[in-house]
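Engineer: Would you mind keeping the following structure in view while I ask a few things?
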Amino acid sequence: MIQYREEIYRFALSRLRNEADAQDAVQETFLLAHRRIHTLRDSSRLRSWLMTIAYRVVIQTVRDRCTISDGTSLVDSHDSFMEAVKREDAHRVRAAMAKLRPLDRDALTAYYFDGLSTPEMADRLTVPLGTVKRRLHDARRRLGALL
């Protein structure tokens, strides 16, 4: 596992832009990996599994940094969708999300708040990657119309 330390550190640093936070994220990633090693079903996917954990640790770090006045955490992202979400009032976003179809709401929640990648979503839902991307595209468009 330790052979991926530098890659995880570079990833965390690129997202967090703070060396101390990136080092903390690496440490947290390996602690979680050690605790959850029993969940790794295929050892050939170790790198992907570790990077998923690192991604979630980074997201949690950013959520801890980015809170709206009512205490709602939002993920900071370069993606324009998340930039729009951060500018919107948290109540309006929650209300709009509640009006979405369950499929749209689930896709947005899995991607933006649970931190799943599109390949992970496709694997979990047993649908083609293109289907996941289309669902996210449609869900973003529908949410944008509601906001």
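Engineer: Among the numbered criteria (1) within 19 Å of residue 133 (Cα to Cα); (2) at pLDDT 55 or above; (3) of a type in the set (S, T, N, Q), which single criterion is violated by residue 80?
Structural biologist: If we test residue 80 against (1) within 19 Å of residue 133 (Cα to Cα); (2) at pLDDT 55 or above; (3) of a type in the set (S, T, N, Q), just (2) comes out false.
Engineer: Also, I was wondering about something else. Which members of segment 96-123 meet the condition of being at pLDDT 85 or above and out of contact with any helix residue (DSSP H, G or I) (no Cβ under 7 Å at 6 or more places or on another chain)?
Structural biologist: Selection gives 98, 101, 102, 106, 109, 117, 123.
Engineer: Also, I was wondering about something else. Within the set of pairs 6+ apart or on separate chains, which have a first residue in segment 1-14 that is in the same structural domain as residue 35 (by TED's automatic domain parsing) and surrounded by 15 or more Cβ atoms within 10 Å (Cβ to Cβ), a second that is in a helix (DSSP H, G or I) and of a type in the set (Ser, Thr, Tyr), and C-beta atoms under 6 Å apart?
Structural biologist: 8/29
Engineer: What is the one condition in (1) over 16 Å from residue 138 (Cβ atoms); (2) buried (at least 16 other Cβ atoms within 10 Å of the Cβ); (3) modelled with pLDDT of 85 or more; (4) not hydrophobic (A, V, I, L, M, F, W, C) that residue 63 does not satisfy?
Structural biologist: Evaluating residue 63 over (1) over 16 Å from residue 138 (Cβ atoms); (2) buried (at least 16 other Cβ atoms within 10 Å of the Cβ); (3) modelled with pLDDT of 85 or more; (4) not hydrophobic (A, V, I, L, M, F, W, C) leaves (3) as the failure.
Engineer: Being over 16 Å from residue 56 (Cα atoms) and at pLDDT below 90 is the filter here; which residues of segment 5-16 pass it?
Structural biologist: Residues of segment 5-16 over 16 Å from residue 56 (Cα atoms): 6.
Answer for segment 5-16, where residues must be over 16 Å from residue 56 (Cα atoms) and at pLDDT below 90: there is none.
Engineer: Here is a further query. Within segment 90-147, count every residue that is charged (D, E, K, R) and surrounded by 18 or more Cβ atoms within 10 Å (Cβ to Cβ). Walk me through it before giving the result.
Structural biologist: So the first thing to find is which residues in segment 90-147 are charged (D, E, K, R), and the list is 92, 94, 99, 101, 104-106, 114, 120, 123-124, 133-135, 138, 140-142.
Narrowing the set further to residues that are surrounded by 18 or more Cβ atoms within 10 Å (Cβ to Cβ) leaves 104, 135, 140.
The total comes to 3.
Engineer: Let me ask something else about it. For the condition surrounded by 14 or more Cβ atoms within 10 Å (Cβ to Cβ), in contact with a Phe, Trp or Tyr (Cβ under 9 Å, 6 or more places away or on another chain), modelled with pLDDT under 55 and assigned to a helix (DSSP H, G or I), what is the one hit in 75, 85?
Structural biologist: Values: 75 fails: assigned to a helix (DSSP H, G or I).
Just a single option satisfies the conditions, and that option is 85.
Engineer: Considering segment 31-57 alone, what residues qualify as being of a type in the set (A, V, I, L, M) and either at pLDDT below 90 or under 13 Å from residue 117 (Cβ atoms) (or both)?
Structural biologist: Hits for segment 31-57 are 40, 51, 53, 54.
Engineer: For segment 15-47, how many residues meet the condition of being over 20 Å from the mean Cα position of the chain (by Cα) and surrounded by fewer than 11 Cβ atoms within 10 Å (Cβ to Cβ)? Spell out how you get there, then give the answer.
Structural biologist: First, pick out the residues of segment 15-47 that are over 20 Å from the mean Cα position of the chain (by Cα): 19-20, 34-35, 37-38, 41-44.
Those left that are additionally surrounded by fewer than 11 Cβ atoms within 10 Å (Cβ to Cβ): 20, 34-35, 38, 41-44.
Qualifying residue count, segment 15-47: 8.
The values are calculated or read from the model by the stated rules, or taken from the named source; none is laboratory data. Owing to the predicted nature of the structure, the values given are computational and were not obtained by experimental measurement. So basically every Cβ, Gly included, is an ideal-geometry build from the backbone, and we count neighbours across all protein chains shown.
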